[in-house]
Amino acid sequence: KAGVTQTPRYLIKTRGQQVTLSCSPISGHRSVSWYQQTPGQGLQFLFEYFSETQRNKGNFPGRFSGRQFSNSRSEMNVSTLELGDSALYLCASSNEGANVLTFGAGSRLTVL
Amino acid sequence: DQQVKQNSPSLSVQEGRISILNCDYTNSMFDYFLWYKKYPAEGPTFLISISSIKDKNEDGRFTVFLNKSAKHLSLHIVPSQPGDSAVYFCAASAPGGSYIPTFGRGTSLIVHP
């Protein structure tokens, strides 16, 4: 069974640009969550999608957005990038009602 | 306001000894607790969990203890091995909704040979 796949693994952007990150969940998993990891801040919840609907949202500005497609694949977008957006962005999938998340390896974003 | 706190950013232990990683939480609605392990350049992987109806859960070398009155849980690794060197995240979730866990900031464990 393939794991959670995130692309791209690494990317460098400049301030003001936008970025789109992609996540393919484990087959059969319909819930996809996104987290931001920065040094010393742990994993901060961005949003969760289920059946193409955003079901939960964390405390991030509107520059952070996402969507989910009918095949459960998800994308997140960050517009007008700031230096502080440099982080590891992690996607996780789970079965409905499951407590355990399966994470991808993450997309490392560097904003210059 | 951090609802899940891991107050030790790092921990160094000798191989073969016990590693104890601590976690405190403030939200009394949390009823399910998990530990994840993360190696560099990889995503976190689930390690062990415990429901609030229990006070201990064991899986091989890993044991999680929950003290609800103190709102405290700990992960014990016995014996510690160099391959256990990783960042350990404590997480907690509340009932209802989609069980989105709240994570702590992590503790970096280094096990010396």
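Things worth noting here:
- Total accessible area lost when B and A pair, probe 1.4 Å, Å² to nearest 100: 1600
- Per-residue SASA remark: residue A:13, around 60 Å² accessible (1.4 Å probe; ligands, DNA and RNA not included).
- In order along the stretch B:75-84, the phi-based Karplus estimate (6.51 cos²θ - 1.76 cosθ + 1.60, θ = phi - 60°) of 3J(HN,Hα) comes to 10, 10, 10, 9, x, 6, 10, x, x, 7 Hz; Gly and Pro are listed as x.
- Accessible surface for residue A:80 stands near 80 Å², nearest 10, in the context of the full protein assembly shown (1.4 Å probe).
- Three-way shape label, the stretch B:1-74, alpha-carbon gyration tensor, a/c 1.5: prolate
- In Å², nearest 10: area of residue B:61 left accessible to a 1.4 Å probe: 60
- Counting protein heavy atoms only, the protein assembly as shown has 49 percent of its accessible area on carbon and sulfur, 1.4 angstrom probe.
- Shape call, chain A: gyration tensor on alpha carbons, a/c limit 1.5: prolate
- Farthest towards the positive end of the charge dipole of the protein assembly as shown, among the residues B:22, A:2, B:103, is the Cα of A:2, using unit charges on the Cβ of Lys, Arg, Asp and Glu.
- Karplus-based coupling profile of the stretch A:29-41, in residue order and whole Hz: 7, 9, 9, 10, 10, 10, 10, 10, 10, 10, x, x, 10, with θ = phi - 60° in 6.51 cos²θ - 1.76 cosθ + 1.60 and x standing for Gly or Pro.
- Taking θ as phi - 60° and the Karplus parameters 6.51, -1.76 and 1.60, the scalar couplings of the stretch B:5-18 work out to 10, 10, 7, 9, x, 8, 8, 10, 9, 7, 3, x, 8, 8 Hz in sequence order, x denoting glycine and proline.
- Cα gyration tensor category, rounded, prolate or oblate, for the stretch A:67-106 with a/c compared to 1.5: oblate
- Placed amide H near residue A:17: partners under 5 Å, 5+ positions off or other chain: A:81
- Candidate residues B:29, A:76: accessible-area rank, largest first, probe 1.4 Å: B:29, A:76
The values are calculated or read from the model by the stated rules, or taken from the named source; none is laboratory data. In this text the structure is predicted, and so the values were computed from the model without any measurement. Note: ideal-geometry Cβ built from the backbone for every residue, glycine included; neighbour counts use all protein chains shown. For accessibility, only protein heavy atoms count, side chains too; no ligands or nucleic acids. Shrake-Rupley method; radii C 1.70, N 1.55, O 1.52, S 1.80 Å.
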